[in-house]
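The block underneath contains the structure these notes are about, expressed in C-alpha cells.
No value in this document is a laboratory result; all are computed from the given coordinates. A quick note: this is a predicted structure, and the numbers were derived from the prediction, not measured. Don't worry about glycine lacking a Cβ; one is built from the backbone with ideal geometry, like all the others, and counts go over all protein chains shown.
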Amino acid sequence: MKLHTITFGCQMNDADTEEMALPLLLRGFQATRELAEADAVIVNTCTVRQHAEHRALSRIGRLRAWKQARAGRLLIVAGCAAQRVGDQILKRFPFVDLVVGARSIERYPEILEAALQGRAPSSQGCSSPLPERAAPRVSSYVTIMRGCNYACAYCVVPQVRGRESYMSGERVLRRSRALAEAGAREIVLLGQTVNSWRDPAAGWDFGDLVRALSATPGVARLRFMSPHPDFLDERLIRTMAEAPAACPYMHLPAQSGSDRVLQRMRRGYTRAQLLGKIERLRKAVDGLNLTTDIIVGFPGETEEDFRASLALVSEIEASAAYCTKFSPREGTPAAAMADAVSEEVKEERLSRLLAAVEKRQRAYLASWKGRRVRILLETPCSGRTARNLGARLERPRAAGEIVEAEVTACTNTGLQCSAHS
Ligand code: SF4
C-alpha cells in the first residue's frame, strides 16, 4: 500500500501533512512520490489567499481520474480550505472519502481510524512504540500551537483555525527529544504567532521553552516561526542572546511601515514600537539576520504609507522580505473596506518594493564572501548557516554534520562554500 501527499501553503501545513501521514505509515503504507502508484492520497489545503484555495480545489478536481482508475483508493482532503469550505468540497467532489478541517487535526487519528474500519490493516498490531514522526529530517518541524487570538483585518486564519491552543511544554520536549534521538539536529518550532505560546500548568512562556529545548541533548540549533512583534519581549530577547542553540535569526512579520495602515490592519503595534524592539534585539543578538513580511496595497494605502514600508525595510536592515499584494479574503473586515488600491498601483508598488528587497538581499549575501560559516548539512552538499542562509558545499559530507566552511562565492539566493577539512 502506497501513500502520496500533496501540500499547499506554509510550513505548518508541511508539518501537519507529516503528522497526518503517520497513522497510515504505521498501518504499513509506504510513502511514494508517484501519484499513479498510490493507494491513498492526502491533500493538505491552504486558504490564506483566494488563489491558494483555488489551486487546492482544482488539484482535488484533477484527482478524480486517479481515484476512479482503481477501486478502494482513499482520498483525504485536510487543512484550512477543508475547514472553510468542507461542505462544498464534498458536494463538488463526491469521490473524496474524508474531509478533515484544520481545527480537527488533533482528532485526526480517531477520525481516520473510524473511516478506515475494514479498509486497511489496523495500526494496533504495530510492534514499535508510536514514533513521534516516521522519518525525521536533519531540520525537523514541531507545531507547538494552533490557531490565533489576533484579528488582523486581512486575515482569514482566526476564522479557519480558531483561537490559540498550545501543546504542553512537556510534550514539546518529549517530541523534540525523540526527533533528536532519531537524527534531527535542528528543531523549528511552528505556530501562527509562535512566541505567544505558553504552558499555564507549568508556568512557562515561550522564552522558558526555548531555554529548555536549547539544553536538549542533540539539539544543535533552534529556530521558530512566525513570531508576533507583540510577544517579542525582554525575556525572549535575553533568551535569544543566551540560549546556546537559539539561532541568530528571526523572521518578524512587520506587514507595513505606516502607523495609519498598521492601525487599519489591526496589527496591535506602531512603527516606533516595532523599531524599538528590533533595536533591542539587534543589540542583544550578535550579527542577527532579520527578515520580514510586507503587504502592499492594503485598502487606503497612500503613496506616503507605501514609502513608509519601503523605508522600514531598510531601517530594520532586513536581509530579505516576503512581499505580497493585498488580496481580499471573503469574510474579513478588509474585504469590506471601501478605499481599495487599484491593481495597477499595487503592481507598481510591489515591483518597487521587490527591487529594493532584492538589492538588499544581494548585498547581504555578498557581505558573507570570504567569511567563515558553520553549515548544518541537510543533504550531503547543501544546508543552512546559523543565520538561515542556504549554503552549498563544493564536496559532499555527511548529512546532519555541522561543517566549518569558507564562503567562496554567492548567488542571488545563497552561498557557495568550501569546507575546512
Ligand atoms: Fe492572521 Fe494576524 Fe493571526 Fe497572523 S497574527 S494569523 S496575520 S490574524
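Counted residue by residue at 0.36 nm each, then reduced by the alpha carbon distance between them, the extension gain from residue 117 to residue 241 reaches 39.5 nm. A simple count of charges around residue 251, restricted to other residues whose Cβ falls under 10 Å of its Cβ and scoring Lys, Arg +1 and Asp, Glu -1, yields 0.
Near the amide H of residue 44, within less than 5 Å, lie the amide hydrogens of 6, 7, 8, 78, all on another chain or at least 5 residues away, with H placed in the peptide plane. Computed over the chain with a Gaussian network model linking Cα atoms closer than 10 Å, the most mobile of 18, 406, 348 is 348.
Computed from phi, the 3J(HN,Hα) profile of segment 381-386 under the Karplus parametrisation 6.51, -1.76, 1.60 (θ = phi - 60°) reads 10, 9, x, 9, 7, 4 Hz, with x in place of Gly and Pro. Segment 133-213 has equivalent-ellipsoid semi-axes of 24, 16, 10 Å, by the square roots of 5 times the alpha carbon gyration tensor eigenvalues, sorted largest first. Of the residues 206, 95, 8, the one with the fewest other Cβ atoms within 10 Å heads the list, and the complete ranking is 95, 8, 206.
With bins 5 Å wide beginning at 0, the percent of Cα pairs of segment 379-421 falling in each bin runs 6, 24, 40, 23, 6, 1. Choose one answer from 312, 116, 24: the residue with the largest mean-square fluctuation in a GNM of the chain with alpha-carbon springs under 10 Å. Judging by the Gaussian network model, the answer is 116. Distance from the alpha carbon centroid of segment 1-55 to that of segment 339-370 works out to 32 angstrom. Taking other Cβ atoms within 10 Å as a rough exposure proxy, 342, 139, 309 sort from fewest to most as 342, 139, 309.
Cα-based radius of gyration for segment 1-93, normalised by 2.2 N^0.38 Å, reads 1.03.
Bridgeable lysines around residue 2 (alpha carbons under 26 Å apart, same-chain partners fewer than 8 residues away excluded): 67. Using just its DSSP H runs of length 4 or more, each adding -39500 (n - 2.57), the chain gives a mean residue ellipticity at 222 nm of -11000 deg cm²/dmol after division by all residues.
Counting only residues at least eight positions apart within a chain, or on another chain, the lysines with an alpha carbon under 23 Å from that of residue 325 are 346, 359. Annotation: amide H of residue 322 within the under-5 Å range of 292, 293, 294, sequence separation 5 or more or interchain, hydrogens built in the peptide plane. With Cα atoms as the point set, the radius of gyration and Dmax of the chain evaluate to 22.3, 64 Å. Projecting label points 7 angstrom from Cα along Cα→Cβ for residue 337 and residue 33 puts them 4.2 nm apart. Per-residue packing, averaged as other Cβ atoms within 10 Å, sorts the ranges 327-336, 258-267 into the order 258-267, 327-336, beginning with the highest.
Using the Karplus relation 6.51 cos²θ - 1.76 cosθ + 1.60 with θ = phi - 60°, the per-residue 3J(HN,Hα) values for segment 288-301 come to 4, 9, 10, 10, 8, 10, 9, 9, 10, x, 4, x, x, 5 Hz, with x marking Gly and Pro. Database remark: amide H of residue 74 closer than 5 angstrom to the amide H of 40, 41 (H placed geometrically; neighbours at sequence offset of 5 or more, or on other chains; Pro and chain starts carry no H).
Counting other Cβ atoms within 10 Å as a rough exposure proxy, the listed residues 197, 368, 66 run 66, 368, 197 from fewest neighbours to most.
Note: relative contact order over the chain, using C-alpha pairs below 8 Å and six or more positions apart, is 10 percent. Rg/Rh for segment 266-356 stands at 1.01; both radii use Cα atoms, and Rh follows the Kirkwood definition. Couplings 3J(HN,Hα) of segment 416-421, computed from phi: 9, 9, 10, 6, 7, 7 Hz, in residue order, whole Hz [Karplus 6.51 cos²θ - 1.76 cosθ + 1.60, θ = phi - 60°; x for Gly and Pro]. When the alpha-carbon atoms of segment 10-55 are used, the pair Rg, Dmax equals 12.5, 36 angstrom. All alpha carbon pair distances within segment 202-286 were sorted into 5 Å bins beginning at 0; the resulting P(r) in whole percents reads 3, 14, 23, 22, 16, 11, 6, 3, 1, 0.
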